Each structure stands twice: as structure tokens, then as C-alpha cells.
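In what follows, a single structure is set out as C-alpha cells and then discussed.
The values are calculated or read from the model by the stated rules, or taken from the named source; none is laboratory data. Small disclaimer: the values here were computed from a predicted structure and weren't measured. Ideal geometry is used to build each Cβ from the backbone, glycine not excepted, and the neighbour counts take in all protein chains shown. Side chains are part of the model used for accessible areas, which takes the heavy atoms of the whole protein and leaves out ligands, DNA and RNA. Shrake-Rupley method; radii C 1.70, N 1.55, O 1.52, S 1.80 Å.
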Amino acid sequence: MDEWPQILRGSLRTPEEIAARFGLDVDEVRKVARVFKVQITPYYANLIKHKGDPIYRQIVPDKAELKGNSGVADPLLEDQNSPVPSIVHRYPDRLLFLVSHSCASYCRFCTRKRKVGDPSKIHPRYIEDGLDYIRAHTEIRDVIVSGGDPLMLSDDRLEYILASLRAIPHLEILRVGTRVPCFLPQRVTPKLAAMLKKFHPLYVNVHFNHPDELTPEANAALGLLADAGIPLGCQTVLLKGVNDDPLVMRRLMQKLLCARVRPYYIYQTDFVQGTDHLRTSVEKGIEIMDALRGWTSGLAVPYFVIDAPGGGGKIPVLPKYIQTMNDDQVVMRNFQNEMYAYPQVQPAANGNGNGKKKSRKEKQPYVDPCFGVTNAPPIG
Ligand SMILES: *Cc1c(COP(=O)(O)O)cnc(C)c1O
């Protein structure tokens, strides 16, 4: 018998349980829980060392979720890019497929706070519509199975979905996005890993935000997935009072590599209703990137991205390395703030250039690496 269903059943769910466990006012917890789903696995609750610590802030409901909110319910306009309820289709060749409404625990900063935990919004009956949509859209080559958390489904149900996707000839890669290895690592069993392995090339993106989350249990879960040949990435959210510190973030990235997880993205916290108390400045994210590149393994350096409000997609944000750039040279600073110059290639003196320098400002046509020169990439 797997131990995880029993661990999950022991989760803190009711305002009474949560208020008693953390010494909170039960009415306040009730008010938050009426608006946003609350649940904490006992495993994750046990990682809390004291009130207000980085684990606590991610998961224990806070009355700040209800007030002073500048954020909006659906900042990424996902619902407007949703041709059927289980699909978010924003990019030319890939989409999100929402297959599970539930999570093992509910992040207080969730970008899908408006829907997670609500079976009427992410419902099993939409899965067939989603599969039909993907079958009909032959430009899709990459499906990100998400939710909620797909690993909250039974092995059989998840296998049905993955097998249905694998049977679609135009799909090249499958991805699963999950926070289960962090919240409920016991759910990752040898049986689950053996099932996932049948659907290669399959990638799993996990979600860890603090080095203390990489416990022996979490490392074991990640090891099972890695041993099944699954490339693992991590999507971390930059959060105030959790990981808004270059040394904490550097340690997290290094510990992920030890668990065979390649850091993929650090997200600026989305502009979501009820998350102001967890958002920090974009400058902080840039400072963190500056403290990673060069100072530790390049493998430990993810992209820092802002998922643009209004549905613009993920936009990378980098520290400013280039100081000046002209036809002669590019002047850059390195990670230690020392200046270096790279000489540009010069047109041959008597070459085909007719002695005329090509302006670098000329607008280039969009070149798709697979399909050659096209106009702007098609969407939808
Ligand atoms: C994040 C996201 C993806 C995947 O983006 P990648 O940069 O390829 O990881 C796809 N669709 C939507 C709607 C997304 O938000």
C-alpha cells in the first residue's frame, strides 16, 4: 500500500485546524478560506520552523490576501486565450492543458488562485474537449500538462491522459508541471515513475522556492524521476520573505542541481489578486540574477522572467551587461563589474560590400528555425 493517500488525508484543511495549529484567529482564516482554497499537507507543515518563516509564508493563509490588493484575478488573461476550458493556447507551437483542479497544498501566491481547487472550473469533463482541440491543431508539438497538479490524479487517470496525448502524431514532447515532489514527495512512487517513463520524450518541471524544501524525501522523489530518464526543470517564484535574497536563491539553485534538477525559470510574482504581501521588486530579481551568473555554476542560472500582465507571455529580464555596442566593438561588463571589449567583424576592404557598411539597424525578417523566412509567427 502506498503511504501517500493517508498522508494527504491528514492535511490541514479546515479553518479550525489551521487556526489551532498556527495560533491564528479562526474568523480571519475563515474569511480567507471562503475566497481562496486552503490546504497544507502534514509533511509540508512540518517543514515550518516558526511562524512567518519562508515555508509558512508560502502556504499559511494570511488576512493580507483580502485587502490592499492591486492585483487582478486573471493577470495573464489566460481565460481569453482559452478556446476550451481545459486549454490555454498563447504560443505558436505549444499550449497548457489543465487536467486537475486540485493540488496537494495551495500556494498563497498561485497565479490560478481564481480556479484551483474548484472542480467546476477545471473539470474532468473538459479533458476530452482538450484532447480534441490538440488533435485538431497540428501546429502544436509540445503540451504542458498542468492544473492544479496533474500528479493529484490517480496513476491510471494520468496514464490515460498521457497515452491519449502520445497517440497524437504531431506531438513531439510532453511536459508535466507539478509541485507534488515539494508538497507530497511520497506520491512519487516507483510505479508512477515507471508509468511516466513510457511516454518519452517527457519532461517534468517541478516547483521549489526555498533550500529547506529539498529534504531527503524530496531528493528521493526527484531521484526516482531522474532515474526514469525524465529531464527535470524547476520553476521558482520570487517571493518576499521567502527567497528574495541572493544567497538563499543561490543555495536553492545549487541544491536543485544536487537533486539532478536544472533550474529553468525564476518568475517575478504574477500581478495576482491577494498576493501583494508576497511580491517584491523587479530590481530584486535582477540583483539575484547578477549574484548567480559567474558566481556559481552556469547550470544553476535559470532565466528570470516576467509573465506579462495582459497575456504578453514570458519576457526574460537580464542585468545590463552590454555598456555600448557599435560597428567597431561591444563593450561589456563581466560578473565582477570589470569592462571588456569584443571587436566586431569588419567588412572586407575589397569584398562584395561595395565599400558600403550594412546598417545593423535594418529590420530583419522573422526567420523560423524550422520553416525559414516567414512573416510574424502565426498564433492559434
Ligand atoms: C509558460 C507557458 C508556456 C510554456 O512556456 P515555455 O517558455 O515554453 O516554457 C506555454 N503556454 C502558456 C500559456 C504558458 O503560460
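Does the range 205-214 include one or more residues that are more than 16 Å from the ligand (Cβ to nearest atom) and either outside the structural domain of residue 150 (by TED's automatic domain parsing) or acidic (Asp, Glu) (or both)? Reasoning before the result, please.
Quick first cut of the range 205-214, residues more than 16 Å from the ligand (Cβ to nearest atom) only: 208-214.
Checking the rest, the ones that are also either outside the structural domain of residue 150 (by TED's automatic domain parsing) or acidic (Asp, Glu) (or both) come to 212-213.
Looking through the range 205-214, at least one residue is more than 16 Å from the ligand (Cβ to nearest atom) and either outside the structural domain of residue 150 (by TED's automatic domain parsing) or acidic (Asp, Glu) (or both).
Among the residues of the range 228-241, how many are among the aliphatic types (A, V, I, L, M) and touching a residue at least 40 places away in the same chain (Cβ under 8 Å)? If you could, list the steps in order and put the result at the bottom.
Quick first cut of the range 228-241, residues among the aliphatic types (A, V, I, L, M) only: 228, 230, 232, 237-239.
Of the ones still in play, those that are also touching a residue at least 40 places away in the same chain (Cβ under 8 Å) are 237-239.
Residues in the range 228-241 being among the aliphatic types (A, V, I, L, M) and touching a residue at least 40 places away in the same chain (Cβ under 8 Å): 3 in total.
Name the pairs: first residue in the range 70-82 and on the phi > 0 side of the Ramachandran plot and part of a loop (DSSP other than H, G, I, E, B), second residue within 11 Å of the ligand (Cβ to nearest atom) and not basic (Lys, Arg), Cβ to Cβ under 7 Å, at least 6 apart or on different chains?
Here the result reads 77/311, each pair linking the range 70-82 to a residue that is within 11 Å of the ligand (Cβ to nearest atom) and not basic (Lys, Arg).
Scan the range 308-340 residue by residue and report those that are touching a strand residue (DSSP E or B) at 6+ places or on another chain (Cβ under 9 Å), in a loop (DSSP other than H, G, I, E, B) and modelled with pLDDT of 95 or more.
Hits for the range 308-340 are 317, 318, 319, 320, 321, 328, 334, 335.
Residues of the range 242-276 being within 16 Å of the ligand (Cβ to nearest atom) and either hydrophobic (A, V, I, L, M, F, W, C) or without any contact (Cβ under 8 Å) to a residue 60 or more places away in the chain (or both), which ones? Spell out the reasoning first.
First pass over the range 242-276, keeping only residues within 16 Å of the ligand (Cβ to nearest atom): 261-272.
If the condition is that a residue be within 16 Å of the ligand (Cβ to nearest atom) and either hydrophobic (A, V, I, L, M, F, W, C) or without any contact (Cβ under 8 Å) to a residue 60 or more places away in the chain (or both), then 261, 262, 263, 264, 265, 266, 267, 268, 271, 272 are the ones that fit.
Taking interchain pairs and intrachain pairs at least six residues apart, which have beta carbon atoms under 6 angstrom, with the first residue in the range 105-122 and within 19 Å of residue 208 (Cβ to Cβ) and the second at pLDDT below 90?
From residues that are within 19 Å of residue 208 (Cβ to Cβ), the pairs are 110/116.
If only one of 115, 67, 63 is among the charged types (D, E, K, R) and either in contact with a strand residue (DSSP E or B) (Cβ under 8 Å, 6 or more places away or on another chain) or within 15 Å of the ligand (Cβ to nearest atom) (or both), which one is it?
Working: 67 fails: either in contact with a strand residue (DSSP E or B) (Cβ under 8 Å, 6 or more places away or on another chain) or within 15 Å of the ligand (Cβ to nearest atom) (or both); 63 fails: either in contact with a strand residue (DSSP E or B) (Cβ under 8 Å, 6 or more places away or on another chain) or within 15 Å of the ligand (Cβ to nearest atom) (or both).
After applying the criteria, what remains is 115.
Suppose the filter is crowded, with 23+ Cβ neighbours inside 10 Å and either out of contact with any Asp or Glu (no Cβ under 9 Å at 6 or more places or on another chain) or assigned by TED's automatic domain parsing to the domain that holds residue 293 (or both); does residue 193 pass it?
On the way: crowded, with 23+ Cβ neighbours inside 10 Å: no; either out of contact with any Asp or Glu (no Cβ under 9 Å at 6 or more places or on another chain) or assigned by TED's automatic domain parsing to the domain that holds residue 293 (or both): yes.
It is false that residue 193 is crowded, with 23+ Cβ neighbours inside 10 Å and either out of contact with any Asp or Glu (no Cβ under 9 Å at 6 or more places or on another chain) or assigned by TED's automatic domain parsing to the domain that holds residue 293 (or both).
Determine the pairs where a residue that is within 13 Å of residue 134 (Cα to Cα) and acidic (Asp, Glu), located within the range 160-178, has a partner that is within 14 Å of the ligand (Cβ to nearest atom) and not in a strand (DSSP E or B) with Cβ atoms under 6 Å apart, the partner being 6 or more residues away or on another chain.
The qualifying pairs are 172/141.
Given the conditions (1) under 24 Å from residue 314 (Cβ atoms); (2) in contact with a helix residue (DSSP H, G or I) (Cβ under 7 Å, 6 or more places away or on another chain), and given that residue 235 satisfies all but one, which numbered condition is not satisfied?
Only one criterion is unmet by residue 235, namely (2).
Looking at the structure I just gave you, is residue 3 over 29 Å from residue 244 (Cβ atoms), among the acidic types (Asp, Glu) and either away from the ligand (no atom under 16 Å from the Cβ) or touching a residue at least 40 places away in the same chain (Cβ under 8 Å) (or both)?
Numbers: over 29 Å from residue 244 (Cβ atoms): yes; among the acidic types (Asp, Glu): yes; either away from the ligand (no atom under 16 Å from the Cβ) or touching a residue at least 40 places away in the same chain (Cβ under 8 Å) (or both): yes.
Yes: the conditions hold for residue 3.
Hey, residue 325 hits all of (1) in contact (Cβ under 8 Å) with a residue 40 or more places away in the chain; (2) more than 16 Å from the ligand (Cβ to nearest atom); (3) of a type outside the set (Lys, Arg); (4) open to solvent by 50 Å² or more (accessible area, probe 1.4 Å) but one; which does it fall short on?
(1)
Pull up the range 167-190, narrow it to residues that are more than 16 Å from the ligand (Cβ to nearest atom) and open to solvent by 20 Å² or more (accessible area, probe 1.4 Å), then point me to the one that is nearest to the chain's Cα centre (by Cα). Before the answer, list the steps.
If we filter the range 167-190 for residues that are more than 16 Å from the ligand (Cβ to nearest atom), which is where we start, we get 167-170, 180-190.
From what is left, the residues that are open to solvent by 20 Å² or more (accessible area, probe 1.4 Å) are 167, 169-170, 186, 190.
Working: 167: 26, 169: 27, 170: 24, 186: 21, 190: 24 Å.
Step by step, filter the range 167-190, then rank; the result is 186.
Are there any pairs with C-beta distances below 7 angstrom linking a residue in the range 129-148 that is in the same structural domain as residue 88 (by TED's automatic domain parsing) and away from the ligand (no atom under 16 Å from the Cβ) to a residue that is open to solvent by less than 10 Å² (accessible area, probe 1.4 Å) and at pLDDT 95 or above, with the two at least 6 apart or on different chains, and if so which?
129/86; 135/168
Collect the residues in the range 84-108 that are touching a strand residue (DSSP E or B) at 6+ places or on another chain (Cβ under 9 Å), away from the ligand (no atom under 11 Å from the Cβ) and not aliphatic (A, V, I, L, M), keeping them in residue-number order.
Passing the criteria: 85, 86, 100, 101, 102, 103, 105, 106, 107.
Can you find a residue that is closer than 17 Å to residue 38 by Cα and either assigned by TED's automatic domain parsing to the domain that holds residue 59 or open to solvent by 40 Å² or more (accessible area, probe 1.4 Å) (or both) anywhere in the range 75-93?
Step one: list which residues in the range 75-93 are closer than 17 Å to residue 38 by Cα, which gives none.
Checked against the condition, which is being closer than 17 Å to residue 38 by Cα and either assigned by TED's automatic domain parsing to the domain that holds residue 59 or open to solvent by 40 Å² or more (accessible area, probe 1.4 Å) (or both), the range 75-93 yields no hits at all.
Name every residue in the range 6-16 that is open to solvent by less than 80 Å² (accessible area, probe 1.4 Å), free of Cβ contacts under 8 Å to residues at least 24 places away in the same chain and not in a loop (DSSP other than H, G, I, E, B), in order of residue number. Before the answer, list the steps.
Of the range 6-16, the ones open to solvent by less than 80 Å² (accessible area, probe 1.4 Å) are 7-8, 10-12, 14-15.
After this cut, where a residue has to be free of Cβ contacts under 8 Å to residues at least 24 places away in the same chain as well, the list is 14-15.
The answer is 15, and nothing else.
Here are 164, 154: which of them is away from the ligand (no atom under 15 Å from the Cβ), open to solvent by 40 Å² or more (accessible area, probe 1.4 Å), farther than 16 Å from residue 225 by Cα and of a type in the set (Gly, Ala, Ser)?
Details: 164 fails: open to solvent by 40 Å² or more (accessible area, probe 1.4 Å).
Result of the check over 164, 154: 154.
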